[in-house]
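Colleague: The structure that follows is given in the form of structure tokens.
Bear in mind these aren't lab numbers, they're just calculated from the coordinates by the rules spelled out. Just so it is clear, the model here is predicted, and its values are computed rather than measured. Note that each Cβ is placed from the backbone with ideal geometry, even for glycine, and that neighbours are counted across all protein chains shown.
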Amino acid sequence: MGIERKASILIVGSSSDELVQAEVLLQEHQHVMLACQVDDALRIAMQAPGPDLILLDAQCGAMDSFALFAELKSNFLTADIPVLFLVDEDARENQRRALREGAADVVGKPIAAEILRVRVETQLQLGRARAMLKDQHRALEHLVAERTREVTHMQDATVMAMASLAESRDKEIANHLRRTQHYVAVLARELRFHARYTAELSDANIELLYKAAPLHDIGKVAVPDAILLKPGRLTDDEFEIMKKHTVYGRDAVADVEKALGHSNQFTRYAGEIAYSHQEKWDGSGYPQGLAGAAIPLSARLMAVADVYDALVTTRPYRPAFTHETALELIRQGSGEHFDPDVVDAMLVIEEKFKHIALEFGAHGVAHSA
């Protein structure tokens, strides 16, 4: 075991009998430093490690003790050092002022040896307790942050696993999910500069949109393989069955909310995206035929992200389109299929879309590079 460090005490004042007495009384158990000038007192107080306690004479010649005290309290390096004022027993106003302005305690003069020792030791014990609590608080914060990261990673992995299950027949689905969630995030970050969307598209909400985006087609898990994997055009009846994946997705999220006993912003976005990402700006989409701003913003973002990714990806019935062709087709759909504001945002950041598509292996972009 190491030798315990002596607490350090800075005594500030003129070389009066009381201060010499205080030094003699304390130096056996504490490391004592003396300062007779304001500059010296501040220099010693601000050095590392600083004193554990300051003993300040309220009446110390030309030095304005209360001005020094105010300066100590205003400096972040010294603000937390407890200060004990030495005050004449009959100077009641100075005693009240010291306590009113934040002194840790007041010790009367002439100094009573046992009172000084007890008051000093009390403040040192309080300081050690505060330091221990601060260390415990930091350790607890670290533990909470670590646990939060673990829970968040587990949640993210669960969401991605659920989303992948919905389209597990497709070997490229993992990249599709990553691409679309990145498209949604960059679209949202660009769109929030638009006054109408600033409040909704906070950093926290954009993060939740990013996490919810992979669940857009979760309802496809209930669609028969014969329809989902059909290489040719679907019949009208088959298309009606395919359209139900939006309802199945909404219901799956609703079941999660029911199990939780409440909804939250994440499940709200997940439900909106799953249910409404096939709606169209002009009202010709499904399942509800919503139009314009009646379509949730989350779903309008997802619509552009999902269609772009479908266009630049090879399908059983057609090759992938190039990035440039996909942009033009989406631009042509502005005001009909897509929210014009979202399309405008995409056109501003189209290089980011291209980078995301390249990073996660979209065929059309790779071919056009």
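Colleague: When a/c is below 1.5 the answer is rounded, else prolate if a/b is larger than b/c, else oblate, so apply that to segment 8-138 with a ≥ b ≥ c taken from the square roots of the Cα gyration tensor eigenvalues.
Modeller: rounded
Colleague: I'd like the orientation of helix 203-212 relative to the chain: the angle between its Cα long axis and the longest Cα principal axis, in ° from 0 to 90, rounded to 10.
Modeller: 40
Colleague: Relative contact order, percent, of segment 8-138 when contacts are C-alpha pairs under 8 Å separated by at least 6 residues?
Modeller: Dividing the mean separation by the residue count of segment 8-138 yields 23 percent.
Colleague: Among Met302, Met132, Met33, which comes first, second and so on when ranked by fewest other beta-carbon atoms within 10 Å?
Modeller: Placing the least packed residue first, the sequence is Met132, Met33, Met302.
Colleague: Nothing charged except the Cβ atoms of Lys and Arg (+1) and of Asp and Glu (-1): what's the magnitude of the dipole of the chain about its Cα centre? Round to the nearest 20 debye.
Modeller: Magnitude of the dipole: close to 880 debye.
Colleague: Note down the relative contact order for the chain as a percent, whole number, built from C-alpha pairs under 8 angstrom at least six residues apart.
Modeller: 11
Colleague: Springs between alpha-carbon pairs under 10 angstrom, Gaussian network model over the chain: which of Glu240, Glu272, Glu89 fluctuates most?
Modeller: The residue with the greatest mean-square fluctuation here is Glu89.
Colleague: As an exercise, take the mean of 1/r over every pair of distinct alpha carbons in the chain, invert it, and state the Kirkwood radius in angstroms.
Modeller: This gives a value of 26.1 Å.
Colleague: For the cross-link pairs Lys6/Lys73; Lys211/Lys243; Lys134/Lys211; Lys258/Lys354; Lys211/Lys354, which exceed 30 Å when the distance is taken from alpha carbon to alpha carbon?
Modeller: Lys134/Lys211; Lys258/Lys354
Colleague: Let me make sure I get this right: for segment 167-368, a, b and c are the square roots of the gyration tensor eigenvalues over alpha carbons, sorted descending. Under 1.5 in a/c it's rounded, otherwise prolate if a/b > b/c, else oblate. Which is it?
Modeller: It comes out rounded by the Cα gyration axes.
Colleague: Now for a separate question. Rounding to the nearest 10 and keeping the result within 0 to 90°, find how far the Cα-based axis of helix 297-311 lies from the longest principal axis of the chain.
Modeller: So the helix axis and the longest Cα principal axis differ by about 50 degrees.
Colleague: Here's a follow-up. Which of His277, His337, His216, His31 has the fewest other C-beta atoms within 10 Å, and how do the rest follow up to the most?
Modeller: His31, His337, His277, His216
Colleague: Over segment 167-368, what is the relative contact order in percent, taking alpha-carbon pairs closer than 8 angstrom and at least six residues apart?
Modeller: 22
Colleague: Summing +1 for each Lys or Arg and -1 for each Asp or Glu, what net charge is found among the other residues whose Cβ lies under 14 Å from the Cβ of Glu71?
Modeller: Surrounding charge for Glu71 is -2.
Colleague: Taking only DSSP H segments of four or more residues, each worth -39500 (n - 2.57), what value at 222 nm results for the chain once the sum is divided by all its residues, to the nearest 500 deg cm²/dmol?
Modeller: Taking each H run of at least 4 residues, the total per residue is -18000 deg cm²/dmol.
Colleague: Ok, one more. With a sphere of radius 14 Å drawn around the Cβ of Ala293, what net charge do the other residues whose Cβ falls strictly inside it have (Lys, Arg +1; Asp, Glu -1)?
Modeller: After counting each charged neighbour, the total is -3.
Colleague: Short version: ³J(HN,Hα) in whole Hz for each residue of segment 87-97, in order, from phi by Karplus 6.51 cos²θ - 1.76 cosθ + 1.60 (θ = phi - 60°), x for Gly and Pro, what are they?
Modeller: Per-residue couplings from phi come out as 10, 4, 4, 8, 8, 4, 5, 5, 4, 5, 5 Hz.
Colleague: So for each of 43-51, 202-210 I average, over its residues, the number of other beta carbons within 10 Å; can you give me the resulting order with the highest mean first?
Modeller: For the peptides 43-51, 202-210, the packing ranking is 202-210, 43-51.
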